[in-house]
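So the structure is just underneath, and the comments pick up after that.
The values are calculated or read from the model by the stated rules, or taken from the named source; none is laboratory data. This structure is a prediction, so every number in the text was calculated from the model and none was measured. Glycine also receives a Cβ, built like all others from the backbone with ideal geometry; neighbour counts cover every protein chain displayed. Ligands, DNA and RNA are stripped out before the accessible areas are found, and what is left, the full protein with its side chains, is counted by its heavy atoms. Shrake-Rupley method; radii C 1.70, N 1.55, O 1.52, S 1.80 Å.
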Amino acid sequence: MIENDTVRLLRECDAGVDMGVSVISDVMGKVGSSALKMTLNRCKTEHEKLKTEIEVLLNSYHDEGKEPNPVAKGMSWIKTNVKMAADDSDATIADLLTDGCDMGTKCLCKYLNQYKAADERSKDIAKRLIQLEEDLRSDLRQYL
């Protein structure tokens, strides 16, 4: 049970990290503010560090991880591109990313509660990813 919950939680973290990096990458070229660009680069780097940790743990369980849900990824891409076509300001970028942070935090908290038997190391990764999303959300407020 512990191994199953651990792998399942790590898979969800893996998908969440991929989604976060993807969305940040999608908007990075449109960012006007150098301060916002630095914030997003830092956050992307932190996501990538967590990705490496997650991959190491998943490999130890002989698991390849999980890709983000294709429907969710597609809907995110559409929403991003439609909003950015109408207004490609830093405020729009902050709005989109804030929504993504909210969704990511909500999903990760759900999985953290669902997979209670996961090992502490995996729970720690999920909590750090949640904190990373909450910190980015807070950092984005000044651009809304």
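Can you tell me how many residues in segment 21-51 are at pLDDT below 95 and within 21 Å of Asn113 (Cα to Cα)? Result for segment 21-51: 0. Leu144 meets each of the listed conditions (1) under 18 Å from the mean Cα position of the chain (by Cα); (2) farther than 19 Å from Ile54 by Cα; (3) not charged (D, E, K, R) apart from (1).
Yes or no: Asp90 within 14 Å of the chain's Cα centre (by Cα) and closer than 21 Å to Leu36 by Cβ? For Asp90, the condition - within 14 Å of the chain's Cα centre (by Cα) and closer than 21 Å to Leu36 by Cβ - is not met. For segment 98-127, give me each residue that is at pLDDT 95 or above, within 15 Å of Arg141 (Cβ to Cβ) and touching a Gly at 6+ places or on another chain (Cβ under 9 Å). Listed by number, the list holds a single entry, Cys101.
Taking every residue in segment 84-100 that is charged (D, E, K, R) and pairing it with any residue that is outside any helix (DSSP H, G or I) and open to solvent by less than 50 Å² (accessible area, probe 1.4 Å), at least 6 positions away or on another chain, the pairs with Cβ-Cβ distances below 8 Å are Asp90/Val31; Asp90/Ser33.
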